[in-house]
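For reference, the structure discussed in these notes is given below.
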C-alpha cells in the first residue's frame, strides 16, 4: 500500500483499518469478524464522478471513509446503499486511487500533450504505482484525451523544420514513448517527404564547398547520417548541391 493510499479518507486506508480491527480482535482472543461494511451514501460529484461514503464497523471500533470514484467504476461494481464485502471495499479503494491518477493525468495533459508511456512515467514520478498509472492512462486514451496520431504529426512537423532525416525522426518518436501504431502513422506520412531535398538544404547550410579528400567526405557522410539520412539520400543530395 503506497503512502498516497494511506491518505484516503480520515487518514487511513480501508485496508489499514481492517487490519487494525483484525489485530484488536486477536488481542482480545476473539475471532476477527466484522460487524459489517456498508456503503452509507452515494452522491454525484463533479465531472461524472461519484462520492462513496463507506462505514466499517467492528465491536472494537468503526470508521467512515469517503472515496471519489469515476462513474464507470460505480457502475462496474454495481454499488448500492447497503452491506458490501471486504473484496468490494478493497476494489473501491483501488478505483479511488485510479481516479486520483486519472485526475492528475488530465491536469498534466491540460499543460502539454504527451504520449501514453510518457504520461504513465509522469504519474509514476508523482507517486502512483505503475499499474494504477497505466489504468489511468488507459481511461484517458479511451476518452480521447490522448491522441498519439495527432501528437506525432505535430512532432514530425517540428523535426522536419530542423531538417532531420527519416531515421532520426522515427528514433526520436520511439524514445519519446509513442506506441507502434502512432509510429507507423508517422512513417506513412514521412513516405511522402522528399528527404533528398531536405538533405541538400542542410548541406548548403553547413558546407560551402565539398571536400575533395576522402577523410573530408567521410566526415560529411557521418554528419548527415547523424541527422538520420541514408547513404543513398546523402549521395544524391551531394550530387544536387555540389556537382
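Derivation of every value follows stated rules applied to the coordinates shown; laboratory data play no part. Predicted, not measured: the structure shown is a model, and the values here were computed from it.
Between 75, 66, 233, where does the largest GNM mean-square fluctuation fall for the chain, given springs only between Cα atoms within less than 10 Å?
Fluctuation is largest for 75.
Out of all Cα-Cα pairs in segment 194-243, roughly what percent, to the nearest whole number, are more than 13 Å apart? Could the numbers behind the result be given before it?
Details: 596 of 1225 pairs.
Of the Cα pairs, 49 percent sit more than 13 Å apart.
Just need log10 I(q)/I(0) for segment 32-111 at q = 0.24, 0.26 Å⁻¹, Debye formula, equal scatterers on the alpha-carbon atoms, no solvent, rounded to two decimals.
Reported log10 I(q)/I(0), two decimals: -1.11, -1.25.
Taking 20 °C and 1.002 mPa s as the conditions, I'd like the Stokes-Einstein D for segment 148-191 in µm²/s, using the Kirkwood hydrodynamic radius from alpha carbon pairs.
D, rounded to a whole number, is 215 µm²/s.
Mind checking which of 197, 99, 212 has the largest fluctuation in a GNM of the chain, springs on alpha carbons under 10 Å?
Maximum fluctuation in the GNM of the chain, among the listed residues, is at 212.
With everything on Cα atoms, drop me the angle between helix 180-190 and the longest principal axis of the chain, reported from 0 to 90° to the nearest 10.
Taking Cα atoms only, the helix is inclined about 30 degrees.
How many angstrom separate the Cα center of segment 199-243 from the Cα center of segment 117-189?
Segment 199-243 and segment 117-189 have Cα centres separated by 31 Å.
Nearest 500 deg cm²/dmol is fine: what mean residue ellipticity at 222 nm does the chain get from its DSSP H runs of n ≥ 4 alone, each adding -39,500 (n - 2.57), divided by its residue count?
Numbers: 12 runs with 146 residues, N = 243.
Result for the chain, helices only: -18500 deg cm²/dmol.
Using Cα pairs under 8 angstrom and six or more residues apart, how large is the relative contact order of the chain, in percent?
13 percent
Counting pairs of Cα atoms in the chain, how many percent are more than 27 Å apart?
56 percent
Connecting C-alpha atoms closer than 10 Å in a GNM of the chain, tell me which of 131, 147, 194 has the biggest fluctuation.
Ranking 131, 147, 194 by mean-square fluctuation puts 194 first.
In degrees between 0 and 90, to the nearest 10, how far off the longest principal axis of the chain does helix 148-161 point, with axes built from Cα atoms?
Between helix and principal axis, roughly 30 degrees.
Taking the chain as the reference, fit the longest principal axis to its C-alpha atoms, fit the long axis of helix 86-111 to the helix C-alpha atoms, and give the angle between the two in degrees, 0 to 90, nearest 10.
Once rounded, the angle reads 40 degrees.
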